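Before any comments, here is the structure.
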């Protein structure tokens, strides 16, 4: 099985925890490709310590990105995953699983890797976005929108169809970049991707909000049924600590995420020390949610998320 991570050195700890959890639940030969901007020599040695008879970690150079590409959130390294053709130009593999560093692998991910992509180049989990975000990204009203944190990618087909070139052309036409790399992938595929089970990408919202509140807050147009979301919550294969207004990622002080202790345990296993939580400023949305009655808070936040934010992004563009 083949895996890919793309980060900068500031997110090295999170990636190591993710890789450690992947190794723990995998008993097959795996190759883990890593792109890490400005990686230190100490971190290179730490990464190499994870190699074994079953684990082969390959550090790759960063691909070239169009100069006009600007990150609207996070690091520029998030965009490396959209240059699959360049990354694997001289590496002959058929497919891989891309993983964000802010994940832990809770059980065997082999079922996802062995999934038949059929006619599609990629597979991904649906992200709960409203219709207005489809307008922003110029995709069809009834197209599913993916979350790019976990992707099953047919590398051979990506290269054969010269998808890097198509993406560069799209970037050349854009004035700004909404939702980072994910926005570009949504626009380039326009719903033409294999929808995978949400258990392979259990985002933070599944653990922070009940299903009804999630629907009010995000107003998802194309999304999973309630049973699939409940299943992803109860038995996730990949837990994805996405950034939300709750600031509930396990490395933050005060986190109450149900998989926080698993993340901390994995950190201690790899780094041989207790993790020191990061103090992170709370958002205005967080205080609204905590101080106001639940229904009122979710209604207000939903209005801001689905009406005000799209207008602001339109003006920004």
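Any read-out appearing in this document is the output of simple, stated calculations on the displayed coordinates, not a laboratory observation. Being a predicted model, the structure only gives us computed values, none of them experimental. With ideal geometry, Cβ positions are generated from the backbone for all residues, glycine too; neighbour counts draw on all protein chains shown.
Going by the alpha-carbon gyration tensor, a ≥ b ≥ c the square roots of its eigenvalues, is the stretch 14-109 rounded (a/c under 1.5) or, if a/c is not under 1.5, prolate (a/b greater than b/c) versus oblate? Because a/c hits 1.5 or more and a/b exceeds b/c, the stretch 14-109 counts as prolate.
Computed from the C-beta positions of residue 234 and residue 117, the FRET efficiency with R₀ = 22 Å rounds to 0.25.
Calculated mean residue ellipticity at 222 nm for the chain: -10500 deg cm²/dmol, from DSSP H runs with n ≥ 4 weighted as -39500 (n - 2.57), summed, divided by the residue count and rounded to 500. Subtracting the Cα-Cα distance of residue 50 and residue 161 from their residue separation scaled by 0.36 nm leaves 36.5 nm.
Under the criterion of Cα pairs below 8 Å and six or more residues apart, the relative contact order for the chain equals 19 percent. Under a Gaussian network description of the chain, with springs only between Cα atoms under 10 Å, the residue in 99, 170, 291 that fluctuates furthest is 291. Taking 56, 147, 64 as the candidate residues, the one with maximal mean-square fluctuation in a Gaussian network model of the chain, Cα springs under 10 Å, is 64. Counted by neighbouring Cβ atoms within 10 Å, the residues 95, 168 run from fewest to most as 168, 95.
Assuming a ≥ b ≥ c are the square roots of the Cα gyration tensor eigenvalues, decide whether the stretch 2-281 counts as rounded (a/c under 1.5), prolate (otherwise, with a/b larger than b/c) or oblate. Rounded is the answer for the stretch 2-281, as its axis ratio a/c remains below 1.5. Would the stretch 119-187 count as rounded, prolate or oblate if I go by the C-alpha gyration tensor, calling it rounded below 1.5 in a/c and otherwise prolate when a/b exceeds b/c, oblate otherwise? It is oblate, given that a/c is not under 1.5 and a/b is not larger than b/c. Among 190, 294, 248, which one shows the highest mean-square fluctuation when the chain is modelled as a Gaussian network with alpha-carbon springs under 10 Å? Its mean-square fluctuation being the largest, the pick is 294.
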